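J.: Before we start, here is the structure in question, set down as structure tokens.
The values are calculated or read from the model by the stated rules, or taken from the named source; none is laboratory data. The structure displayed is predicted, hence computed values, not measured ones. Glycine gets a Cβ as well: all are built from the backbone with ideal geometry, and neighbour counts include every protein chain shown.
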2 protein chains.
Amino acid sequence: MNQLNVCLSPSLIPLYNVEDYVVVIIDIFRATSSICYGIENGAEAIIPVSEVEECAAYREKGLDYLLAAERDGKVVDGFDFGNSPFSYTKEKVAGKTVVLTTTNGTHALHLSRSAKKIVIGSFLNLTALCNWLKTQNDNILLVCAGWKNNFNLEDTLFAGAVVDQLKDFEFKLDDAAIAANDLFQIGKHDIDQYLKKTSHGERLKKLGIEKDIEFCLQVDLTTAIPVLTGEKLVKLIS
Amino acid sequence: MNQLNVCLSPSLIPLYNVEDYVVVIIDIFRATSSICYGIENGAEAIIPVSEVEECAAYREKGLDYLLAAERDGKVVDGFDFGNSPFSYTKEKVAGKTVVLTTTNGTHALHLSRSAKKIVIGSFLNLTALCNWLKTQNDNILLVCAGWKNNFNLEDTLFAGAVVDQLKDFEFKLDDAAIAANDLFQIGKHDIDQYLKKTSHGERLKKLGIEKDIEFCLQVDLTTAIPVLTGEKLVKLIS
């Protein structure tokens with residue numbers, strides 16, 4: 001029977017034989033939500049990097065990249081935009097390659113590099129992602145990017161939403177998958193409200209990005225599944 | 001405000017400034033349950049070690065140690081008993097020092113060594129432990145020993161039970177504390193039943209230790225709080 005496992009933090013990735021899994025990277029606020037929205041809106045590719053400097057380096061490559069970098073909720077001087085999903089509209093990203101600075105998400109991606117396949121998940125593409133996962137007939141590892149290498153509730157809740165759609169199929173769940181799904185059952189009727197009690201929610205509120213949060217919690221707004229090819233995330237053609 | 005944090009796996013301990021916390025080590029099946037029961041029953045001290053060889057070495061010290069070592073649910077040849085709490089009765093352990101072989105629990109203890117204080121928790125001493133924690137006026141870190149460095153449900157559920165007793169006091173909860181407590185709310189009415197669906201439950205069932213599990217899930221059977229002093233766990237005199 002195939003495994004359906006949840007990795008609650010990037011620190012725990014080394015405990016899995018990643019090469020035996022199809023991996024889903026989850027960084028709900030806001031990297032993977034913005035990536036799903038951007039790919040849906042026709043971005044040719046999105047390149048996730050860890051550091052602002054790494055992102056800036058693409059400018060010097062002289063190609064037509066859009067550079068996204070934020071610090072403390074503000075667009076860094078000289079960059080095209082930040083990490084808000086509202087920056088990833090058709091008007092802005094269609095046909096473009098975006099270089100996105102995201103610490104937690106990039107870290108999770110790098111540690112998962114040896115996986116059979118790496119795709120990107122968010123509430124925006126939840127059902128499309130799950131429908132595709134059902135067809136894979138393979139072990140699935142849902143990797144929560146978390147916060148500074150530790151557990152966070154929003155990524156875990158999304159992992160639980162995926163488990164909820166897959167659990168009646170032939171998968172063996174690990175303890176973290178069971179826990180994530182149980183937490184999703186508690187939170188699913190009002191995820192926004194549920195997450196308000198978390199430390200992260202407070203932090204994000206301070207950054208003044210409540211509208212981003214609301215946006216990222218919309219379910220099934222998109223159907224594109226971003227997949228990693230080399231260093232680029234592109235639209236999966238299934 | 002003091003922190004009440006839950007560390008979901010020993011792999012995550014390095015993310016905390018352990019020296020700022022009173023740490024509770026949790027390894028419900030069965031190390032910390034047996035330790036609580038043994039100290040309650042008058043064991044002078046319990047010394048947790050990682051390896052059977054390390055445990056055996058105490059024999060050569062020529063002192064009157066009881067040696068506890070198990071592999072695959074069976075007492076290792078030449079040892080006095082295994083990890084079952086039923087071995088830690090008054091008749092067997094009163095006045096004795098027990099050397100206990102426990103991989104996950106010892107690992108968690110070692111990584112927490114720089115904490116202000118390290119105590120041992122289990123369902124057996126739940127309320128006594130919580131009452132003492134309330135008097136500490138300090139940051140509290142509940143460390144789940146987990147399973148092979150990863151998350152498990154039984155340790156998390158117990159952490160949630162502690163959060164449940166402390167949450168109305170002046171503590172700031174992190175996401176993991178919130179999650180643990182929510183999981184406890186789901187499981188608390190029949191913890192044994194709730195844990196039956198976990199992978200660990202299956203594994204333990206195979207070892208034929210259902211009676212141990214039942215024993216370990218008894219709430220408030222004991223009041224002693226084991227505390228680490230040097231390499232030994234002894235009864236806390238408060």
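J.: Can you run down the residue pairs with Cβ atoms below 7 Å, 6 or more apart or on separate chains, where the first is in segment B:142-171 and surrounded by fewer than 24 Cβ atoms within 10 Å (Cβ to Cβ) and the partner is assigned to a loop (DSSP other than H, G, I, E, B) and not hydroxyl-bearing (Ser, Thr, Tyr)?
T.: B:GLU170/B:MET1; B:PHE171/B:MET1
J.: Anything in segment B:70-102 that is within 19 Å of the chain's Cα centre (by Cα), surrounded by 17 or more Cβ atoms within 10 Å (Cβ to Cβ) and farther than 17 Å from B:TYR37 by Cα? List them, or say none.
T.: Selection gives B:GLU70 alone.
J.: Also: What number of residues in segment A:16-36 are buried (at least 24 other Cβ atoms within 10 Å of the Cβ), of a type outside the set (Ser, Thr, Tyr), part of a helix (DSSP H, G or I) and in contact with an Asp or Glu (Cβ under 9 Å, 6 or more places away or on another chain)?
T.: Within segment A:16-36, residues that are buried (at least 24 other Cβ atoms within 10 Å of the Cβ), of a type outside the set (Ser, Thr, Tyr), part of a helix (DSSP H, G or I) and in contact with an Asp or Glu (Cβ under 9 Å, 6 or more places away or on another chain) number 1.
J.: Inspect segment A:135-148 for any residue being under 30 Å from A:GLU170 (Cβ atoms), assigned to a loop (DSSP other than H, G, I, E, B) and among the acidic types (Asp, Glu) and give the result as yes or no. Spell out how you get there, then give the answer.
T.: Taking segment A:135-148 and keeping what is under 30 Å from A:GLU170 (Cβ atoms), we get A:135-146.
Pick out the ones that are also assigned to a loop (DSSP other than H, G, I, E, B) and you get A:135-138, A:145-146.
Still in the list and also among the acidic types (Asp, Glu): A:138.
Yes, segment A:135-148 has at least one match.
J.: Another question about this same structure. What pairs come out if I take residues in segment B:211-238 that are under 17 Å from B:ALA128 (Cβ atoms) and pair them with residues that are assigned to a loop (DSSP other than H, G, I, E, B) and of a type in the set (Gly, Ala, Ser) whose C-beta lies under 7 Å away, six or more apart or interchain?
T.: Once the first residue is under 17 Å from B:ALA128 (Cβ atoms) and sits in segment B:211-238, its partners that are assigned to a loop (DSSP other than H, G, I, E, B) and of a type in the set (Gly, Ala, Ser) give B:CYS216/B:SER122; B:LYS235/B:ALA224.
J.: Here is a follow-up. Scan segment B:177-200 and tell me whether some residue there is closer than 26 Å to B:PHE79 by Cβ, within 12 Å of another protein chain (Cβ to nearest Cβ) and modelled with pLDDT under 95. Lay out the reasoning, then the answer.
T.: Pass one, segment B:177-200, residues closer than 26 Å to B:PHE79 by Cβ: B:200.
From the residues that got through so far, the ones that are within 12 Å of another protein chain (Cβ to nearest Cβ) too are B:200.
Next cut, modelled with pLDDT under 95 only: B:200.
Yes, some residue in segment B:177-200 is closer than 26 Å to B:PHE79 by Cβ, within 12 Å of another protein chain (Cβ to nearest Cβ) and modelled with pLDDT under 95.
J.: Please pick out the residue among B:ILE13, B:ILE39 that is in a helix (DSSP H, G or I), out of contact with any helix residue (DSSP H, G or I) (no Cβ under 8 Å at 6 or more places or on another chain) and among the β-branched types (Val, Ile, Thr).
T.: Numbers: B:ILE13 fails: out of contact with any helix residue (DSSP H, G or I) (no Cβ under 8 Å at 6 or more places or on another chain).
Only one candidate qualifies: B:ILE39.
J.: Take the conditions away from every other protein chain (no Cβ under 12 Å), within 24 Å of A:ILE47 (Cα to Cα) and surrounded by 14 or more Cβ atoms within 10 Å (Cβ to Cβ) and apply them to A:LEU221. Does it pass?
T.: On the way: away from every other protein chain (no Cβ under 12 Å): yes; within 24 Å of A:ILE47 (Cα to Cα): yes; surrounded by 14 or more Cβ atoms within 10 Å (Cβ to Cβ): yes.
Spelling it out, A:LEU221 is indeed away from every other protein chain (no Cβ under 12 Å), within 24 Å of A:ILE47 (Cα to Cα) and surrounded by 14 or more Cβ atoms within 10 Å (Cβ to Cβ).
J.: Of all residues in segment A:86-115 being in a loop (DSSP other than H, G, I, E, B) and either without any contact (Cβ under 8 Å) to a residue 24 or more places away in the chain or out of contact with any helix residue (DSSP H, G or I) (no Cβ under 7 Å at 6 or more places or on another chain) (or both), which is farthest from A:GLU214 (Cα to Cα)? Don't jump to the end; show me each part of the working.
T.: As a first pass, look at segment A:86-115 and keep what is in a loop (DSSP other than H, G, I, E, B): A:88-89, A:94-96, A:102, A:112-115.
Going one step further and asking which of them are either without any contact (Cβ under 8 Å) to a residue 24 or more places away in the chain or out of contact with any helix residue (DSSP H, G or I) (no Cβ under 7 Å at 6 or more places or on another chain) (or both), we end up with A:89, A:94-96, A:113.
Working: A:THR89: 16, A:ALA94: 23, A:GLY95: 26, A:LYS96: 26, A:ARG113: 30 Å.
Among them, the one singled out is A:ARG113.
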